[in-house]
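Before any comments, here is the structure.
The values are calculated or read from the model by the stated rules, or taken from the named source; none is laboratory data. Just so you know, these numbers come straight off a predicted model, no measurement behind them. All Cβ positions, even for glycine, are placed from backbone atoms using ideal geometry, and neighbour counts span all protein chains on display. All accessible areas refer to the heavy atoms of the entire protein, side chains included, with ligands and DNA or RNA removed. Shrake-Rupley method; radii C 1.70, N 1.55, O 1.52, S 1.80 Å.
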Amino acid sequence: MHPLSSSSPPLLPNDASTDSGVSAERRLREAEERLREAIEELQRRQRRARGIYPPCDHADESCVANAIGNVCQSFLLSYGVRVGIGILLRAFKLARRQSYSSLLDLKQLVSEKDLIVREEACRIGLLFGGFTGSYHALRCLLRKLRRKETPLNAILAGSVAGLSILALDDSNRRRTLALYLLARLSQCAYNSAKSKNRFHLWGSHWSHGDSLLFALACAQVMYSFIMRPESLPKAYRDFIQKTGPVAAPVYKAVKDCCRGSPVDVASLHAYLSKAKGSTTMKLEEFPSIIPCSVIHPGTKSCLVHDANAAAATFRKTFPLYFSLTFVPFVVLRLQKFMDAPTRTCWYALTGAVRSTTFLSAFVGIFQAVICSHRKVASKDHKLVYWVAGALSGLSVLLEKKARRGELALYVLPRAADSLWYILVNRHLLPDIKNAEVPLFCACMGGIMYYLEHEPDTMAPFLRGLIRRFLASRISNPTPQSNRTASYTYLHTLDAMKEPKVPENRETEISTAEKYNLESIPGL
């Protein structure tokens, strides 16, 4: 990390006129910004002198009705997304069994016995709905109590509303979500500082910096999965286990071998006896390395095994990725889906194929590195799996550029969580119970500040998602680029000089509808 130089690069003669225009435009924007701040300060002083607090954004309904409406809307949205994903995954499972007629049988498709998502969907709905409703209620309350609108209002409201994380009863999920928001908040803070020319990190200008970050996070995750599986959440650990082609007894044997512990020979013999195509082999209690014949006993060729692993991963994970792409798009953008259903399905299909190909390549590369190491080395080492995770993480280059950063920030909290667990287990860091709750609250306060006051520092995906669930005026803010501070100033002066007449009300309404995003079909 180093400060940016404040000096400007030398200008070429041909760039003099261009730079003059840019400088004039920049000075105009700065003057308009100062004018806007002066007008806002004048309005705050007038309201303070009159004892009037800033008006809320929901003029047509009360604060209580607005909060309750946001609770219901966000709850239904998040509940519908979770249930929709569960139903679509259940449909894929029935189709894989070639039981196509059962897709029309509601008892098999959405029965409580086979589709247990009710409690989880309710908890997710309470999380999103509780946060949205309490955030709006607290914002209205702070406006009335403090009689002013400042960034502190958004921070306080977001922090207190963050207590909705208690709707999730699993501390591991709460911790993962809190660390994810911490990574997002760090991203916003860094983008804000960089935009103000305060500092930037070394390598931040690299075109593949996001891929490097993803590879490093994957290295920590895969190392933890092999050497310290207890440091990962059980659901995440089970997902890696089901996605990969290696059995759990083999992973345990590899961990024991690297740590110098005795290998469970009986468990390995039981696994190899059931494996198709495996041959009888002599197993040692303290081997120097677990051979490839144990890792993939059904296939003698490592190359064939790696290809089969990638293909099997594609078949197993495609329904999941298609569900995660299709259902949220339909539920959160229903109007666009109704206008162009074919295009939406094609978008979901191509996105799922690309994401599934990336994950399949990840598994294939990881297995290839492990097998290659056994071809050239006679002793195993735990750092091999860290390197294998880093190299397999380069498969993210198959994804779209915009998705790479999202994936990096998704895996990074899990890697940090695993590293935190290891350091606490080694007594290098203190073990604080339920620390994820205050961390989540603090992060939500910061996130809401950047959403309202510096939205450009936030990733478009996260910004659009939060605005969609907030379901208020902040969800579709009026573009400020069309109305500058000069326009606002002149409009304010005109309003002060001339009294409003009833006929102007219709013009104002029509103008507001014209520039309101919600009034445009398809948005």
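Only one entry of Tyr321, Tyr385 meets the criterion of being under 24 Å from Phe214 (Cβ atoms) and in contact (Cβ under 8 Å) with a residue 40 or more places away in the chain, and that entry is Tyr385. When each of Arg426, Arg414 is tested for being farther than 13 Å from Leu179 by Cα and open to solvent by 10 Å² or more (accessible area, probe 1.4 Å), the lone residue that passes is Arg426.
When Leu272 is tested against (1) of a type outside the set (Asp, Glu); (2) in contact with a helix residue (DSSP H, G or I) (Cβ under 6 Å, 6 or more places away or on another chain); (3) not in a loop (DSSP other than H, G, I, E, B), just one condition goes unmet, and that condition is (2).
Summed over region 133-154, the residues that are outside any helix (DSSP H, G or I), basic (Lys, Arg) and surrounded by 17 or more Cβ atoms within 10 Å (Cβ to Cβ) give a count of 0. For the residues Ala157, Ala193, Ala178, the requirement of being in contact with a Lys or Arg (Cβ under 7 Å, 6 or more places away or on another chain) and surrounded by 15 or more Cβ atoms within 10 Å (Cβ to Cβ) singles out Ala157. Looking across region 119-169, the residues that are touching a residue at least 12 places away in the same chain (Cβ under 8 Å), closer than 30 Å to Phe92 by Cα and of a type outside the set (A, V, I, L, M) come down to Glu120, Cys122, Arg123, Gly125, Phe128, Gly129, Asp169. The helices (runs of 4 or more DSSP H) falling completely within region 207-269 that include 1 or more residues that are within 18 Å of Cys292 (Cβ to Cβ) map to 209-227, 248-259. For region 354-383, the candidate set comprises residues that are under 18 Å from Leu394 (Cα atoms) and open to solvent by 50 Å² or more (accessible area, probe 1.4 Å); within that set, the residue that is nearest to the chain's Cα centre (by Cα) is Arg354.
Being among the hydrophobic types (A, V, I, L, M, F, W, C) and either open to solvent by less than 30 Å² (accessible area, probe 1.4 Å) or at pLDDT 90 or above (or both) is the filter here; which residues of region 384-408 pass it? If the condition is that a residue be among the hydrophobic types (A, V, I, L, M, F, W, C) and either open to solvent by less than 30 Å² (accessible area, probe 1.4 Å) or at pLDDT 90 or above (or both), then Val384, Trp386, Val387, Ala388, Ala390, Leu391, Leu394, Val396, Leu397, Leu398, Leu407, Ala408 are the ones that fit.
Scanning region 304-314 for residues that are more than 20 Å from Pro249 (Cα to Cα), touching a residue at least 12 places away in the same chain (Cβ under 8 Å) and among the aliphatic types (A, V, I, L, M) gives Ala307, Ala310, Ala311. Looking across Ser288, Ser293, one residue alone is open to solvent by 50 Å² or more (accessible area, probe 1.4 Å), in contact (Cβ under 8 Å) with a residue 12 or more places away in the chain and either within 30 Å of Ser355 (Cα to Cα) or not in a loop (DSSP other than H, G, I, E, B) (or both). It is Ser293. Might you let me know whether region 334-343 holds any residue that is surrounded by 16 or more Cβ atoms within 10 Å (Cβ to Cβ), among the hydroxyl-bearing types (Ser, Thr, Tyr) and assigned to a helix (DSSP H, G or I)? No - not one qualifying residue is present in region 334-343.
In this structure, does Ala352 turn out to be of a type in the set (A, V, I, L, M, F, W, C), under 30 Å from Pro291 (Cα atoms) and assigned to a helix (DSSP H, G or I)? Judged against the criteria, Ala352 is not a match. Of all residue pairs spaced 6 or more apart or on separate chains, those with beta-carbon atoms under 6 Å, a first member in region 75-91 that is closer than 16 Å to Lys316 by Cα and a second member that is open to solvent by 40 Å² or more (accessible area, probe 1.4 Å) and part of a helix (DSSP H, G or I) are Ala91/Leu103.
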